[in-house]
1. Can you tell me which of 406-418, 801-813 comes out highest on packing, and rank the rest after it, using the mean Cβ neighbours within 10 Å?
2. For the stretch 339-444, what Kirkwood radius comes out of the mean inverse Cα-Cα distance, in Å?
3. With a ≥ b ≥ c taken as the square roots of the eigenvalues of the C-alpha gyration tensor of the stretch 508-602, please select rounded if a/c is under 1.5 and otherwise prolate if a/b is larger than b/c or oblate if it is not?
4. Counting other C-beta atoms within 10 Å, and keeping those with at most 10, which DSSP coil trypsin sites (Lys or Arg not before Pro) do you find in the stretch 838-896?
5. Could you check how many percent of all C-alpha pairs in the stretch 709-748 are farther apart than 15 Å?
6. So if I average 1/r over every pair of distinct C-alpha atoms in the stretch 548-627 and take the inverse, what Kirkwood radius in Å does that give?
7. For Gln518, what charge total do you get from the other residues with a beta carbon under 13 Å from its beta carbon, if Lys and Arg give +1 and Asp and Glu give -1?
8. Taking the Cα centre of the chain as the origin and placing charges on Cβ (Lys, Arg +1; Asp, Glu -1), which of Ser468, Pro523, Thr42 is farthest toward the positive end of the dipole?
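All of the numbers you see were taken from the coordinates with simple rules; none came from a lab. These numbers were taken from a predicted model, which means no experiment stands behind them. Note that we place each Cβ from the backbone using ideal geometry, even for glycine, and neighbour counts take in every protein chain shown.
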Amino acid sequence: MDAPGMDSSRAIDRERAAEPRRVSLRFRIPYFTQWGQNLIVTGSHSSLGSWNLHQGLAMVPHHDEELGELVWTAQLAVREGFQARYSYCVVDDKRNAVRREAGIPRSFVLPDGIPNGSIVDLYDLWQRVCCHAVLSVTQFLETPSLVALVRRLVLPLPAAMAPSSSKIVKGFMLLEVRVLLEAGTMNQHLSLRERAIQAGMAAVQSINKTFPTYIYFLKDLRGEVTCELGDGRKLSLDSTWRKPSSLIIVSDGHFKGDLWRGAGLAIPVFSIRTHADVGAGEFLDLKLLVDLAVKSGLRLLQLLPVNDTSVHGMWWDSYPYSSLSVFALHPLYLSLEAMTERLPQELQDEISQARKKLDLKDVDYEGTMKTKLSIAKKIFHIEKEAAFNSSKFKTYFDENKHWLEPFAAFCFLRDLFGTADHSQWGRFSTFSPEKLEKLVSPSSDHYNLISFTYFLQYHLHSQLTEASEYARNNGVVLKGDLPIGVDRNSVDTWVFPTLFRMNTSTGAPPDYFDKNGQNWGFPTYNWEEMSKDNFAWWRARLTQMSKYFTAYRIDHILGFFRIWELPAHAVTGLTGKFRPSLPLTQEELEAQGIWDFNRLSEPYVRCHTLQAKFGDAWSEIASKYFDEYEHLCYKFKKEYDTERKILGAVSQLEDSKKQEQIKGALFDLLRDVVLMRDPEDSRKFYPRFGMEDTSNFKELDEHSKNVLQRLYYDYFYHRQEGLWRENALKTLPVLMSSSEMLTCGEDLGMVPACVAPVLNELGLLGLRIQRMPSTPGQEFGNPLEYEYMTVCAPSCHDCSTMRAWWEDDEGRRIRFYKDYLGMSESPPAQCVPDVARVIIEQHMKSPSMWAIFPLQDLLALKEEYTGRPANEETINDPTNPKHYWRFRTLTHVETLLEDRELIFSIKNLVESGGRGTKSLENGFESKMKL
């Protein structure tokens, strides 16, 4: 018989046994911080702040004498079943992000079988994403030919580090390293070698508190061993903990193997021509391009943005970088016949007739859009009930309703009011969830219009997903494009107005593309507001992209360091300023003898400048556009004091040639300033780009010229570097950690010195275009000297093709031919196939991770495809803000698939350039037989 109280004691034991087990997690990471900076752990679990930096887990620093580093630690009590994604972040004393890790967040799942009261230590390293890390991004290489896996190695803990209690299982250390494996070698296992394998690389000989230098090696069933390259690794186990570990998990980075290089082709979807498309390339046409890539040994297919741009309802919407929505896909790329399996004969005939009518040399944007939407609405009335009742649609709608419902409502209101300018929508100008709920209510009279948008986007999603999966299954990376801005009249500015500075415009300062700079018209971002929810809008945008793409290009990545910001009334891009930037203060200028701020910051219009611009007509121009405020000194009348006002006035003139002459001259006078006053603080100033060319500057005294020249150079080339670096390190890691896509940046133009080091630190690929070298003083880049962490190309969509520049610029052609190709004779006037082959071969042999060629440049390998005038193959003219994006290849992809000669030429260049296989140019062969 049990003693009294035994039943209650057993009940307590049963209750305790039923309670979830508790485990202590101890985070540890070596990282050097500046004074006033701290480290936190931020993650998906509520105990880590649910990604809110202000609620993240604070860490405590101590100096590790054996490592010689500052080591940060934190402890967290968790329960059985705990799992989270997490990363580390450097914050200031107000918990604002100073620097974020690159790469995707870590994933942790508490292992099964960990006894109650155990301690699990997480030994992490700050993720800077080296080239090996970039190579093994999971989705990027999750193809039949290359796979990135995490390999684990389990070792017993040293006796001094393991728990002594018999109630707790013996301690273990789990080393994790990410490995890139080729198909057929999946059975390789990870080990530590007990003797030196390569000279200078010591291996682990024993497991004590402090490891000796060690390396990993892979061994397959045949006994073939692949050793890590480079210096050995170091690891110091923490001796500051009071309680011993039950399990140590060491995130040991990436296996340092040989560097893989690949080649790809670039083409906008609208430029593709197949026998099946209607008016423009379609998402399903990408499958044929994947086939072409596979046959040619190419591993990547790069596109321009594919988001909906239907703002104006005309050909202006052909501009693919002016997004109506950063989530919605463009109906231009819809395959009509793929929308239903029961297409009536009359619709089949209508599609066939449209295909013939729209099979033009260039894209007829308006005709194609009108035709596709008209036929899609007819299919909608046939298929809507079946589609909306399908489980696939219901899943799609549930996953996308957060953006799909506002987008459908916006399209309805745009068409109802006849404009996408939501400031003209009366009470609907301001977005609210309550208004949205009424607009998309199934009981509304207009619900058919709302649900048609759902139907259209569902089919676009299905078709792009089909193409994306086809590319992945065939080992081809599909690379998307992330525009730097959104249209001023977009769904995003309607729903999230506080995220944008609507009184400004984005652009680029004068550069290779345009001597007057560029004005793209997009509002700039309010980064301070975006940071309040950990950049949720950006993270959602990247998550959406990752549904379709395994790599992406950040358009104008310089905008994440600083953006060229213009007032909303500007037309050109010349009178902008960098945001963020440190302006020149009035006190700073006065201290150096600069004081006439009105003279310097207002247009310098004098009698002699008017005479120089307009000749005998100067007095007529002066009386119409100017007021004389002092003798022979003039200022613009209020109705003409901005570029946009001038443009509106001169556009009324009947003589178009006179229009351009007067507009150009008045623009020059309006921009004739040395300093631009900050509209939000009149005591702050910004140097005008190219101020030395202005009359205002030329007529200054020598002292003022010298002071302003020095300040100008400092402002543009030195003063901002630290600020811009920190700005990029706050924003870019958010993008990179939002998905597992490979991240590439378009870093052309006026590139600050801080850009290359930041891209290198984050493991972000830069762009190298041979005609736009990144090295000052060079006329052309040398592909053989490019860095590994780059994408190289002879041309891109923003410049003329390889053939076009060769044929249009004789002087550069001669210099390139003799100085860069080493030829002594005169170059041919045309870019004949032999010339094209040499240029492409240069790029194939470059160290760049990717060599990506516009399809037009690859077709130059065969004379048969060069009959079209070369200048017609250019996709964009950056100097023209209203350029019509309509280029289409003349040759059907089906024809190219049958051209064995072309395919052989491309494949031979790929293979001779060492692309598509691992490159062994690291100084030694890393494989051996034991």
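1. In decreasing order of mean packing, 406-418, 801-813 become 406-418, 801-813.
2. Working: mean 1/r = 0.0601 Å⁻¹.
When all Cα pairs of the stretch 339-444 are included, the Kirkwood radius is 16.6 Å.
3. It comes out prolate by the Cα gyration axes.
4. Filter output for the stretch 838-896: Lys882.
5. Summing the P(r) of the stretch 709-748 above 15 Å gives 59 percent of all pairs.
6. 17.1 Å
7. Residues near Gln518 contribute -4 overall.
8. Thr42
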